[in-house]
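Notes follow once the structure below has been shown.
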Amino acid sequence: MNNKLTKQRIYFLIIVGFSFSSYAQRYTHQATIKTDQRKGLYKIALNPDYKQYMSPNLHDMRIYDSAKKEVPYVVLSEPLLKSKLDFKEYEIVSQKHVDANAAIHLNWHSTYAYTELIVKNATKESISNIAFNINNSDAYKYCAIEGGDDLKQWYSVSEKQELSLAYNEVYTNQYKCIYFPLTNYMYYRLLVEDWHSQPLKINSAGCFKNSVIAGKLNDLLFAKTITQDSKTKITLVKLSFTYNQQIDRIDFKIKEPRLYKRHVVLYAMRTHIIKKKTEQYKETLYEFDLSSDTPLFIDVPPLLEKELFIEIDNNDNPPLEIESISCKQLASYLICDFKANHTYTLMCGNQLLKTPEYDLINFVSQVPQLLPEASVSPITKLKNITPVELKKEISFFETKQFLWLCLAIGAIAIFLFSKSLLKDMGSDKNK
């Protein structure tokens, strides 16, 4: 009897345990991605609003097309410093503005005023974009790109593209990248139609290589409290984040005093169990000095904390009057090869996924720095997701039907186990 009961208990535990473990956690959040009329590589900015719902190494995320098929991607993060070699400048052979009367006389395909700029691709390398450094302007313009090898015969490369700028208040000029089919002409001619406004001031032309725009930092949102301890002569700043967010840089603004140098310790609170008691302790994450004669932005090793403490040792000096503190995160991007005018879905939060291995990672060195950016909707939380929605990731053994089947088998096992037990107990009594 004992051997028989032991086997039945083992079978029962296996069935019930498997039935509960089989119903796996799935995605928790999603966002919609839309492309424009261009086909090719796109950049998707992963700002802190998106990354707060993802794991630090982004293993829990996938992108799907409208047919629920998985779309390969590669993750690129910006470095703190950028090499000047990332931009390869081309020689501008000529640049001129042609008015409407001259355009008619030259029998160009437009009878309006235009700007002609010719750049030289001296090595005749294969390129699919040219970046132009242009002074800020809100003019709305169109342009065409032609290619050739002798400055006489020109061939169409891209017929009509928008050349308007999204200017900003920080820089007086910026790069505008024009994308076109991969070609390897010696010369490229940019023709900008100027019928509505005066010409743009184009300062230089070239091609970005090997990385996305370097050094961009995103601001993180957090709550801040500052307390002063007169006994220990310590200023303690507590930063509280809604979710664990990676911190790459901390910026300080100190109002007073004019001259200072203070030692600072960054730490987080941890817990451990000693003799069955849970105790808290400080784990030092980074140390540095705040000094009035050095920059007040601190590049720290990537920190991933929900609460971060900044301890400033004042010694016998009056506390620093802190005007502001900001935490920043290096921008990161997804690079995907998308179709034109398509809608894709970014899904994240599935902790059971492993980091994917796509072929695209082998072509990172060929990714141009300036890529068109896909439009991404605000991220939303998923309430109920059915197995049909994600055919690629969910097998029959993860469906609700399989869960109910396991529960039914478990119930039957319990019934048979109980019946057999009662029968065996009755047999023992008869003996």
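The values are calculated or read from the model by the stated rules, or taken from the named source; none is laboratory data. Worth saying up front: this structure is predicted, and the values here are computed from it rather than measured. Here Cβ is always computed from backbone atoms with ideal geometry, including for glycine, and neighbour counts include all displayed protein chains. We work out accessible area using only protein heavy atoms, side chains counted, and drop any ligands, DNA or RNA first. Shrake-Rupley method; radii C 1.70, N 1.55, O 1.52, S 1.80 Å.
Structure summary
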quantity	calculated
Residues (assigned to a strand (DSSP E or B), surrounded by 15 or more Cβ atoms within 10 Å (Cβ to Cβ) and at pLDDT 80 or above) located in region 208-220	LEU217, ASN218
Selection from region 346-379 of residues that are of a type in the set (A, V, I, L, M) and surrounded by 13 or more Cβ atoms within 10 Å (Cβ to Cβ)	LEU346, MET347, LEU353, LEU360, ILE361, VAL364, VAL367, LEU370, LEU371, ALA374, VAL376, ILE379
Residue selected from region 221-264 under the condition among the basic types (Lys, Arg) and not in a strand (DSSP E or B), by the criterion modelled with the lowest pLDDT	ARG258
Elements of type strands (runs of 3 or more DSSP E) contained in region 277-345, each with 2 or more residues being of a type outside the set (S, T, N, Q) and open to solvent by 20 Å² or more (accessible area, probe 1.4 Å)	277-291, 297-313, 321-330
Test result for ASN184, open to solvent by 40 Å² or more (accessible area, probe 1.4 Å) and either at pLDDT below 80 or touching an Asp or Glu at 6+ places or on another chain (Cβ under 8 Å) (or both)	yes
Residue that is surrounded by the fewest Cβ atoms within 10 Å (Cβ to Cβ) [pool: residues in region 114-149 that are under 34 Å from the mean Cα position of the chain (by Cα), within 17 Å of MET186 (Cβ to Cβ) and among the hydrophobic types (A, V, I, L, M, F, W, C)]	ILE127
Residues of region 419-431 classified as open to solvent by less than 100 Å² (accessible area, probe 1.4 Å), modelled with pLDDT under 70 and not hydrophobic (A, V, I, L, M, F, W, C), total	4
Filter result for the condition that a residue is at pLDDT 80 or above, surrounded by 12 or more Cβ atoms within 10 Å (Cβ to Cβ) and in contact with a His (Cβ under 8 Å, 6 or more places away or on another chain), over ASP65, ASP49, ASP60	ASP65
Search result, residues across region 76-128 that are modelled with pLDDT under 90, hydrophobic (A, V, I, L, M, F, W, C) and more than 18 Å from ILE202 (Cβ to Cβ)	LEU76, LEU80, LEU81, LEU85, ALA100, ALA102, ALA103, ILE104, LEU106, TRP108
Residues (touching a Phe, Trp or Tyr at 6+ places or on another chain (Cβ under 9 Å), touching a residue at least 40 places away in the same chain (Cβ under 8 Å), farther than 18 Å from LYS51 by Cβ and not aliphatic (A, V, I, L, M)) located in region 232-276	LYS238, ASP251, PHE252, HIS263, TYR267
Residue match in region 363-376 (condition: in a loop (DSSP other than H, G, I, E, B) and at pLDDT 90 or above)	no
